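Reviewing the structure listed below.
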Amino acid sequence: MPSRINPSILAADFANFERELGRISTADLVHVDIMDNHFVPNLTFGLTMVERLQQVSPLPLDVHLMIDDPDRWAPGYAEAGAYSVTFHAEAAADAVGLARTLRSIGARAGIALKPGTPVEPYLELLPEFDQVLVMTVEPGFGGQSFMASTMPKLTALRDAVRGSGLDVWLQVDGGINEETIVTAAEAGADTFVAGSSVFNAAEPATQIALLRAAADAHLGAH
């Protein structure tokens, strides 16, 4: 299974989203960070923006909800057409119920774990999810440094997924570049969110190809 590269539009030029989406058309999905200034100390986009992005994006939307009360709000993003909707374990009242709702609408259901959140309680719940996002920075702002201390969680997830035979994507988000993507791929990740390393590149398509090649060379290395 080749790796997936999902550039985060948090690092894009907000005044020219349609152009920016065109610059990353060789990626796999577009990562859209939704922040509410409550669950995390930052405010970004909302449902109206996602509905518009869905209309103009050449790629499927990979929505990451860093918000309070996702049980209430997440289904709306699935209804808007998002390909994947990921909510935070720390914010959901009923993670399994919410995942089932998202799947029933037609979206892939993802659960995200902050750096300090243990993975063990979620290993037996893997059949309920299509993706697990291991945050490699504290959620809230782009441009942070990669936290290698989160890699054991990825390894535990990879071993559980392999043992179960499930098709669960293992995503990392935060500080991903040509070096850290190798570390994450070796630990078990197969889906990579990259923001500034892609959008700040002179040729984003070239950078996406470099990241994909680096990850593919090390997927499942252990």
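Could you grab the pairs with beta carbons closer than 8 Å, sequence gap of 6+ or different chains, first residue in the stretch 1-26 and in contact (Cβ under 8 Å) with a residue 60 or more places away in the chain, second one surrounded by fewer than 18 Cβ atoms within 10 Å (Cβ to Cβ) and among the acidic types (Asp, Glu)?
Pro2/Asp216; Ser3/Asp216; Glu20/Asp13
Which condition breaks for Val137 when tested against (1) in a loop (DSSP other than H, G, I, E, B); (2) β-branched (Val, Ile, Thr); (3) more than 15 Å from the chain's Cα centre (by Cα)?
(3)
So which of Thr86, Thr101 is over 16 Å from Asp33 (Cα atoms) and β-branched (Val, Ile, Thr)? It would help to see each step written out before you state the result.
Values: Thr86 fails: over 16 Å from Asp33 (Cα atoms).
Thr101 is the lone residue from the list that is over 16 Å from Asp33 (Cα atoms) and β-branched (Val, Ile, Thr).
Cβ contacts < 9 Å: first residue without any contact (Cβ under 8 Å) to a residue 24 or more places away in the chain, restricted to the stretch 101-112; second residue buried (at least 18 other Cβ atoms within 10 Å of the Cβ), any location; separation 6+ or different chain. Result?
Ser104/Ala78
I need the full set of residues from the stretch 164-190 which are polar (S, T, N, Q), touching a Leu at 6+ places or on another chain (Cβ under 9 Å) and touching a residue at least 40 places away in the same chain (Cβ under 8 Å), in order please.
Narrowing the stretch 164-190 to residues polar (S, T, N, Q): 164, 171, 177, 180, 183.
Still in the list and also touching a Leu at 6+ places or on another chain (Cβ under 9 Å): 164, 171, 177.
Selection gives Gln171 alone.
Read-outs: derived from the displayed coordinates by stated rules, not from any lab. From a predicted model like this one, the values you see are computed outputs, not experimental measurements. Reconstructed Cβ throughout: ideal geometry from the backbone, glycine too, with neighbour counts over all protein chains shown.
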